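*Asks:* To start, I am sharing the structure in question, which I have written as structure tokens.
The values are calculated or read from the model by the stated rules, or taken from the named source; none is laboratory data. On a predicted model such as this, the values are computed, not experimentally measured, just so you know. Here the Cβ positions follow ideal geometry from the backbone for every residue, glycine too, while neighbour counts run over all protein chains shown.
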Amino acid sequence: MSKEVKTGILALVAICLLIYGYSYLKGSSLFSKERTFYVCYENVAGLALSAPVTVNGYTIGKVKKIDFAKQPGKLVVTFDLNKEFDFSKNSIVEIYSTSFIGGNALAIQPDFSNNDFAQPGDTLQGRIQKGMLESVTSGLKPLENRIYKTLSGLDTLLYNFNSILNDTTKRDLKEAIASLNKTMNSFEEASANLDAILSENKPKLDSTFTYLETTTGNLAQFSDSLSQVDIKALASSLEETLNSFHSVMAKIDNGEGSIGKLIHDEKLYNNLEGASKELEELLKDFKLNPERYVKVSVFGKKTKPYETPKEDNN
């Protein structure tokens, strides 16, 4: 097969698929045997194309077309049945609501009172389910009231908002926005200055953090050393030392030992004071009359008797 033949076959298949897909989307099938019927209504109540056609809730077809009839104010609904189901021409095709959200559909109310069966192309009697329009209207009425209340509240809100935004408020709002803009610019300048300072002092900061890290390590080592010290033994030794010192001080207070006697014995104190005074006089006399203590005499000079020096007023 040449390339041209292959291309032609492929194009033909694509056209067939396009026709079939278009027919399927319209709600009809090329390969199914369908029977077409018509029904007239004054109001189709929102019935849409491809809506299901049911018998006792079982789908046997779908709506194919909705158009205006030749009679003024009438609408013709065309529907196809793809199931083998016989019903008389007196049967009624009723529009009913499947659900509030699901939309409307057609339901055939079959009549088997005679053998005059409906044939494809016949126009059947139609009606709308009683209370359907009223139920839809009653369901929309609360929504309408809520929408009206919402719009009224929105109108009041807009009025109050317009009354608040007078000329003075608008001017104040503009000034506040301008001030906020200046503040943001100041923050940006401060941030830029801070970035510059950090960039210039980055080596110093690095060395500072390094020093802090070293100091922290030393503190950790010192803490480990302290944790290894036997605090209990050290406290016991210190307590024993204090007890010994307390015992020595108690003995001194009681006049025991040399220091205790020196502190509490007044006679010994007086003797020491007198001895100190005599020693002082001796030194003064030694300075004044050294020949009395060191005898260097060539001609045998007479020794001068000792005289108590007079008290120095100073």
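*Asks:* Report whether or not LYS277 is modelled with pLDDT of 75 or more, part of a helix (DSSP H, G or I) and among the charged types (D, E, K, R).
*Replies:* yes
*Asks:* Would you mention how many residues in the stretch 57-79 are under 13 Å from LEU106 (Cβ atoms) and at pLDDT below 90?
*Replies:* Number satisfying all stated conditions: 1.
*Asks:* On to the next question. Scan the stretch 102-122 and give yes if some residue there is assigned by TED's automatic domain parsing to the domain that holds LEU49, part of a strand (DSSP E or B), in contact with a Leu (Cβ under 6 Å, 6 or more places away or on another chain) and among the β-branched types (Val, Ile, Thr), otherwise no.
*Replies:* Checked the stretch 102-122: no residue is assigned by TED's automatic domain parsing to the domain that holds LEU49, part of a strand (DSSP E or B), in contact with a Leu (Cβ under 6 Å, 6 or more places away or on another chain) and among the β-branched types (Val, Ile, Thr).
*Asks:* A further question follows. Go through the stretch 228-248 and report how many residues are more than 26 Å from GLY260 (Cβ to Cβ) and part of a helix (DSSP H, G or I). Let's see the steps before the verdict.
*Replies:* The first filter runs over the stretch 228-248 and keeps only residues more than 26 Å from GLY260 (Cβ to Cβ), leaving 228-237.
Still in the list and also part of a helix (DSSP H, G or I): 228, 231-237.
Within the stretch 228-248, residues that are more than 26 Å from GLY260 (Cβ to Cβ) and part of a helix (DSSP H, G or I) number 8.
*Asks:* Count, please, the residues in the stretch 63-111 that happen to be among the hydroxyl-bearing types (Ser, Thr, Tyr) and closer than 12 Å to THR123 by Cα.
*Replies:* Qualifying residue count for the region: 3.
*Asks:* Would you pick out the residues in the stretch 121-143 that are at pLDDT 75 or above and surrounded by 11 or more Cβ atoms within 10 Å (Cβ to Cβ)?
*Replies:* ASP122, THR123, LEU124, GLN125, GLY126, ARG127, ILE128, GLN129
*Asks:* Can you report the number of residues in the stretch 240-290 which are among the acidic types (Asp, Glu) and touching a residue at least 12 places away in the same chain (Cβ under 8 Å)?
*Replies:* Total meeting the criteria: 2.
*Asks:* Something else now. Against the conditions (1) in contact with a Ser or Thr (Cβ under 8 Å, 6 or more places away or on another chain); (2) surrounded by 15 or more Cβ atoms within 10 Å (Cβ to Cβ); (3) at pLDDT below 90, where does PHE112 fall short? Just the number, please.
*Replies:* Evaluating PHE112 over (1) in contact with a Ser or Thr (Cβ under 8 Å, 6 or more places away or on another chain); (2) surrounded by 15 or more Cβ atoms within 10 Å (Cβ to Cβ); (3) at pLDDT below 90 leaves (2) as the failure.
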